[in-house]
Amino acid sequence: MSDIKKSKRKESKLETIHNAYLIRMAVTKLAENNFYISETKIENIIAEKIRMFPNDDQERIKKRTYQYFKQQIERSTNKVIDLACGISQHLRIANTIFPSYMSEFEERRIEMDRAMACCNALQDELQYVGECLYADLNKYTNLVLEIQKEFNMIKALRQSDNRFLKNLK
């Protein structure tokens, strides 16, 4: 047991990876629940949209619009899960590289950069789902904050990697 209080300790490098897995699980749960997209809101939007068309076309347009939403949900589901997996995957790869040479240091840094890029892209995709697919953005707040926390932890990890520079060959 450590003599240093938990509140005084720095976060472990593995904490970054652990948090990435938590984000991945949260994104999976979000996708399982179809991003909490309001069916009634979509129905109201479709009803408003088809009202201006002749009765003959309304059913076809309604069917096509539902198909569009279904495709967008499927595309967004695949995208957010891939991005959430990318965060932990790139962190894991970076964590396996213990640099002895500058090229290894750069490769480790590139993997961390890719993980940070996944964090940003995941936030953007969640924003898109919330705005364009009429999801409840309030359900995303904690997840977005966790993604931002993850981004900052990776950034701090990158900065702490400068300790390797003095020992590189």
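Can you give the translational diffusion coefficient of the chain in µm²/s, computed by Stokes-Einstein from the Kirkwood radius over Cα pairs at 20 °C and 1.002 mPa s? Using the Kirkwood radius from Cα pairs, D works out to 116 µm²/s.
Taking the Cα centre of the chain as origin and assigning +1 to Lys and Arg Cβ atoms and -1 to Asp and Glu Cβ atoms, the resulting dipole is close to 680 debye. Computed extension length for residue 132-residue 33: 34.0 nm, one decimal, from 0.36 nm per residue of separation with the Cα-Cα distance subtracted. Express in whole angstrom the spacing between the alpha-carbon centres of the stretch 9-59 and the stretch 112-143. Using only Cα atoms to place each centre, the spacing works out to 10 Å.
How big is the Cα convex hull of the stretch 74-164 in projection, averaged over all directions, in nm²?
On the way: hull surface 23.6 nm².
Averaged projected hull area, Cα only: 5.9 nm².
Nearest 500 deg cm²/dmol is fine: what mean residue ellipticity at 222 nm does the chain get from its DSSP H runs of n ≥ 4 alone, each adding -39,500 (n - 2.57), divided by its residue count? Working shown, then result.
Working: 5 runs with 125 residues, N = 169.
After summing the helix terms and dividing by residue count, I get -26000 deg cm²/dmol.
If R0 equals 41 Å, the separation of the Cβ atoms of residue 40 and residue 113 corresponds to a calculated FRET efficiency of about 0.45.
For the chain, modelled as a GNM whose springs connect Cα atoms under 10 angstrom apart, the maximal fluctuation among 143, 14, 83 occurs at 14. Axis angle, to the nearest 10 degrees, between helix 39-50 and the longest C-alpha principal axis of the chain: 50 degrees.
Throughout, read-outs are computed from the coordinates displayed, never taken from laboratory work. For clarity, every value in this text was computed on a predicted model and none was experimentally measured. Every residue, glycine as well, gets a Cβ built from its backbone with ideal geometry; the counts of neighbours run over all protein chains shown.
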